């Protein structure tokens with residue numbers, strides 16, 4: 001056998017046929033080259049029957065075991081213990097995901113061409129309720145290559161699905177999935193090995209299809225509603241990687257710092273930060289913030305500022321670290337932001353306009369002004385006070401109190417600019433052409449008209 005593919009299974013009968021077929025139909029030749037290891041982690045649906053059907057059809061290729069529900073770490077560790085002695089490569093597949101048809105061919109070819117590389121991963125493409133590529137897929141855009149984490153720290157890897165290892169690597173280090181960790185166990189396992197190897201390969205020509213379920217009932221989706229996702233995870237999983245980096249390299253590698261910040265920002269996302277407040281009591285929330293801050297203090301601000309995330313996440317992280325907020329050079333980016341006009345009314349020969357300027361980069365200050373510019377004239381808006389704030393764990397990161405405006409302009413003005421004037425800046429936000437807007441609306445009405 002060339003490959004052993006480990007699939008932990010828990011109540012995924014709806015997707016399991018598609019998952020298993022993606023292995024059985026591999027262009028490398030399933031019956032001669034692949035051992036498929038199925039570990040049913042106490043499923044209560046029809047997953048057991050589906051596994052049994054495939055086991056009867058391919059008795060020489062499929063190893064199947066059913067265990068009491070113990071979690072994905074236990075299931076994957078059992079799978080590792082069942083790997084065929086002749087297998088050269090070990091890969092992982094989640095039971096609601098799938099491989100592209102030629103995945104194993106390209107993985108085998110990559111390992112053959114790169115004898116010194118012992119980890120290889122596939123690009124992630126979403127299926128199900130979400131479409132498109134994973135944000136980290138830019139690693140793959142230059143074709144197959146080796147990522148040295150000591151040089152390219154900004155390419156973290158988290159997922160075990162679609163990851164492959166040379167058998168010699170796992171035999172050398174004898175790493176197992178941490179069975180005391182309920183979440184992020186795959187990221188811990190992956191990065192223990194990546195820290196040891198300091199490199200991994202990206203194989204661009206194949207795909208790992210990651211399913212976002214319509215039901216939003218996967219382990220990842222449900223994990224946000226469990227307390228272990230918070231204090232326990234920060235205290236153990238994040239800190240484990242910090243300790244291992246120090247142990248292996250005598251420092252917290254930039255790769256680990258970047259990886260942690262990239263993941264920590266998820267706690268600040270709107271949906272998740274609301275869940276946190278509903279799950280943790282006051283004392284637990286205080287402990288969570290303290291743990292969050294302790295980790296931030298071990299990370300260079302450079303790796304926070306570099307993240308592609310809303311500027312107020314960066315600002316809050318730096319504030320929590322006790323650092324002065326740096327100049328984030330947002331003014332040039334404001335050009336890409338737009339004022340939202342919420343109401344337009346004709347008043348005889350005048351036009352009354354009202355709206356607001358709300359965005360993630362900037363909250364208008366008391367002295368700021370919105371104005372309309374036409375020809376060589378300016379019409380300044382009158383302020384409308386708004387009751388709108390963005391709050392993260394009790395910290396107000398944006399207060400849009402001064403973001404609303406209203407103004408009156410002559411109705412014959414059909415083309416104008418909406419601008420923002422501050423103490424040390426002046427920027428055009430919108431270019432408005434009412435004629436074009438009316439034409440577009442008319443065309444849309446004609447297209448939607450039923451004859």
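Since every read-out is calculated from the coordinates, none of them should be taken as a lab result. Owing to the predicted nature of the structure, the values given are computational and were not obtained by experimental measurement. With ideal geometry, Cβ positions are generated from the backbone for all residues, glycine too; neighbour counts draw on all protein chains shown.
Note on residue 250 and residue 82: the extension gain reaches 57.0 nm, defined as 0.36 nm multiplied by sequence separation minus the Cα-Cα distance. For the chain, find the longest principal axis of its Cα atoms and tell me its angle to the long axis of helix 282-296, 0 to 90°, nearest 10. Helix 282-296 sits at roughly 80 degrees to that axis.
Distance between the modelled labels on residue 150 and residue 116, one decimal in nanometres: 1.1 nm (7 Å Cα→Cβ projection).
Against the chain, whose longest principal axis is taken from its Cα atoms, helix 239-249 shows a tilt of about 70°.
Roughly what % antiparallel, to the nearest 5, for the DSSP beta bridges in the chain? Intermediate values should be presented prior to the final figure.
Numbers: 51 of 75 bridges.
Antiparallel bridges make up about 70 percent of those DSSP assigns within the chain.
Potential lengthening of the chain between residue 180 and residue 272 amounts to 30.8 nm, from the contour at 0.36 nm per residue minus the alpha-carbon distance.
If you take the alpha carbon atoms of region 153-290 and fit the smallest convex hull around them, that volume is 135 Å³ per residue. Pairs of Cα atoms nearer than 8 Å and 6+ residues apart set the relative contact order; for region 3-214 it is 27 percent. For region 331-448, the equivalent ellipsoid derived from the Cα gyration tensor has semi-axes of 27, 18, 14 Å, listed largest first.
Using R₀ = 41 Å, calculate the FRET efficiency as 1/(1 + (r/R₀)^6) where r is the Cβ-Cβ separation of residue 340 and residue 172; round to 0.05. Walk me through the intermediate numbers first.
Working: r = 58 Å, r/R0 = 1.41.
After rounding, the FRET efficiency stands at 0.10.
Segment residue 382..residue 350, full-extension length gain: 10.0 nm, with 0.36 nm per residue of separation and the alpha-carbon distance subtracted.
Quick check on region 227-321: take the gyration tensor over C-alpha atoms, sort the square-rooted eigenvalues as a ≥ b ≥ c, and tell me if it's rounded (a/c under 1.5), prolate or oblate. Don't skip to the answer; put the middle values down first.
On the way: a/c = 2.08, a/b = 1.30, b/c = 1.60.
Cα axes put region 227-321 in the oblate bin.
Okay, helix-only estimate at 222 nm for the chain: each DSSP H run of n ≥ 4 adds -39500 (n - 2.57), divide by all residues, round to 500 deg cm²/dmol; what do you get?
Working: 15 runs with 151 residues, N = 451.
Helix contribution divided over all residues of the chain: -10000 deg cm²/dmol.
Given an 8 Å cut-off on Cα distances and at least 6 residues of separation, report the relative contact order of region 317-415 as a percent. Before the final figure, lay out each step's value.
Values: 146 pairs, mean separation 26.0, N = 99.
Computed value for region 317-415: 26 percent relative contact order.
For the chain, the relative contact order is 11 percent, taking Cα pairs closer than 8 Å that sit 6 or more residues apart in sequence and dividing their mean separation by the residue count. With the gyration tensor restricted to C-alpha atoms of region 265-314, the semi-axes of the equivalent ellipsoid amount to 22, 15, 6 Å, longest first.
The per residue volume of the convex hull around the alpha-carbon atoms of the chain is 203 Å³. Compared with the dominant Cα axis of the chain, that is its longest principal axis, helix 254-264 is turned about 70°.
Mind giving me the FRET efficiency for residue 305 and residue 240? R0 is 25 Å, r the Cβ-Cβ distance, nearest 0.05 is fine. Efficiency at R0 = 25 Å is approximately 0.45.
Beyond 26 Å, what percent of the Cα pairs of region 3-214 remain? Could you put the intermediate results ahead of the total?
Numbers: 6567 of 22366 pairs.
Of the Cα pairs, 29 percent sit more than 26 Å apart.
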